[in-house]
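To start, the structure under review is shown below, and the notes come after it.
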Amino acid sequence: MLVTGKEILQDAHKKGYAVGAFNVNNMEIVQAIIQAAEETNSPVILQASQGGLKYAGVEYIAAMAKVAAEKAKVPVAIHLDHGTDFTQIVKCIRNGFTSVMIDGSKHPFEENIAVTKKVVEIAHAAGVSVEAELGKIGGTEDDITVDEKDATFTDPDEAEKFVKETGVDYLAIAIGTAHGPYKGEPKLDFDRLKTIKERLNMPLVLHGSSGVPEESIKKAVSLGINKINIDTDIRLAFNGAVRDFVKNNPDVYDPRKILGPAREAMKEVIKGKMTIFGSVDRA
Ligand SMILES: O=C(COP(=O)(O)O)NO
Ligand SMILES: [Ca+2]
Ligand code: NA
Ligand SMILES: [Zn+2]
């Protein structure tokens, strides 16, 4: 069933588990995520970046996600990932998204508060939940890139002020993850996470979670992460399955035959994530 992001994440926050937020760009990815969620009885967040909406069209993503959510036997939220453009954010709200991110992390602190407050006002009036970001998460997610040197960790004092002034429902924090594949092994600042959780006592979001070792993810969940963003690991599963199939079946040209195995491969990866996050049987 279609629910708000807050409904899903408040439960995760209260009970100390995390829910996967998986990026979608096409029908097969949506279906893989929903199949994984139903097979593990897990709540789930379907999310699209501005780049994903540009590729498929917001109406297509919204239509597929709404059908998927309404038919699903588990709670599903539909989320705009890394919204930076106010008009885009309102368009998603108008198209039935139940959660939006305003990523004002590239602005100075006070400006981030201002843009976030504006989105919270309009989204909450429409019954839609809001995620914001404080601190700069490195790497590239579609149309958003932050250089290593500019990535700055979230300051707990600033976080407290930010949340009080904006009223956001959940906060994306920078504690050492980066979007996209990692070169070395990411070192997460668990002490910082622990402090921020104690100060904020609200759902927290981890971006750039593909490629983070399982133990680090589990430790982050135990310390208060409740929404975990995954994009790259789904892309890698899709890519591997399609290349394998095409290599081994050079004469097959039916898109269903080429994309079907990719849907299966993505589903398996996503089920694995749900197990690590602790969202299995939480629906
Ligand atoms: O944070 C993410 C996903 O990051 P990854 O591609 O590293 O999983 N999307 O907002
Ligand atoms: Ca950012
Ligand atoms: Na990553
Ligand atoms: Zn992200």
Checklist outcome for this item: Computed D for region 229-276, Stokes-Einstein, Kirkwood radius over alpha-carbon pairs, 20 °C, 1.002 mPa s, to the nearest µm² per second, is 192 µm²/s
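I need the shape label for region 95-216. Rule: rounded when a/c is under 1.5, else prolate if a/b > b/c, else oblate, with a, b, c from the alpha carbon gyration tensor.
Numbers: a/c = 1.70, a/b = 1.45, b/c = 1.17.
Verdict is prolate for region 95-216.
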Item to check | Hull-based mean projected area of region 165-263, where the convex hull spans the alpha carbons, in square nanometres | outcome: 8.5 nm²
Item to check | chymotrypsin sites (Phe, Trp or Tyr not before Pro) within region 177-283, DSSP loop, no more than 14 other Cβ atoms inside 10 Å | outcome: TYR253
Next on the checklist: If I histogram all Cα-Cα distances within region 152-213 using bins 10 Å wide from 0, what percent of pairs lands in each bin?
Outcome noted: 21, 51, 23, 4
Next on the checklist: Just want to confirm a number: the relative contact order over the chain, from Cα pairs under 8 angstrom separated by 6+ residues, in percent.
Outcome noted: 23 percent
Item to check | Between helix 156-166 and the chain: long-axis angle, C-alpha atoms, 0 to 90°, nearest 10 | outcome: 90 degrees
Checklist entry - ARG282: accessible area at probe 1.4 Å, nearest 10 Å²? => result 90 Å²
Checklist entry - Can you give the percent of C-alpha pairs in region 75-134 whose distance is more than 16 Å? => result 33 percent
Checklist outcome for this item: Dividing the alpha-carbon radius of gyration of region 3-79 by 2.2 N^0.38 Å, where N counts its residues, gives 1.05
Item to check | Nitroxide proxy distance, nm - points 7 Å out along Cα→Cβ at GLU39 and ALA63 | outcome: 2.8 nm
Next on the checklist: If I compute solvent accessible area with a 1.4 Å probe over the protein chains, what percent of it on region 5-277 is carbon and sulfur?
Outcome noted: 53 percent
Checklist entry - Contour minus end-to-end for ARG256 and HIS107, with contour as 0.36 nm per residue of separation and end-to-end as the Cα-Cα distance? => result 49.3 nm
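How many Å² of accessible area per residue for the chain, probe 1.4 Å?
44 Å²
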Item to check | Rounded to the nearest 20 debye, dipole of the chain from Cβ charges on Lys, Arg, Asp, Glu | outcome: 580 debye
Next on the checklist: Quick check on the chain: of the DSSP beta bridges with both residues there, what percent are antiparallel, nearest 5%?
Outcome noted: 10 percent
Checklist outcome for this item: Of all GluC sites (Glu not before Pro) in region 115-223, the ones in DSSP coil with at most 10 other Cβ atoms within 10 Å are none
Item to check | If the convex hull is drawn through the Cα atoms of the chain, its volume per residue in Å³ | outcome: 117 Å³
Checklist entry - Taking the Cβ-Cβ separation of GLU264 and ASN239 as r and a Förster radius of 25 Å, what is the calculated FRET efficiency to the nearest 0.05? => result 0.95
Checklist entry - Looking only at LYS136, LYS257, LYS197, which one moves most when the chain is put into a Gaussian network model with springs between Cα atoms under 10 Å? => result LYS257
Checklist entry - Which shape class, rounded, prolate or oblate, goes with region 33-165 when its Cα gyration tensor gives a ≥ b ≥ c as root eigenvalues, a/c under 1.5 marks rounded, and past that a/b bigger than b/c marks prolate? => result prolate
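If you stretched the chain out fully between ASP85 and ASN249, how much longer would it get, using 0.36 nm times the residue separation minus the C-alpha to C-alpha distance?
Numbers: separation 164, 0.36 × 164 = 59.04 nm, distance 4.30 nm.
Residue separation times 0.36 nm, minus the Cα-Cα distance, leaves 54.7 nm.
The values are calculated or read from the model by the stated rules, or taken from the named source; none is laboratory data. Please read these numbers as outputs of a predicted model, since none were measured by experiment. Positions of Cβ are backbone-derived with ideal geometry, glycine not excepted, and every protein chain shown enters the neighbour counts. Keep in mind that these areas ignore ligands, DNA and RNA; they rest on the heavy atoms of the full protein, side chains included. Shrake-Rupley method; radii C 1.70, N 1.55, O 1.52, S 1.80 Å.
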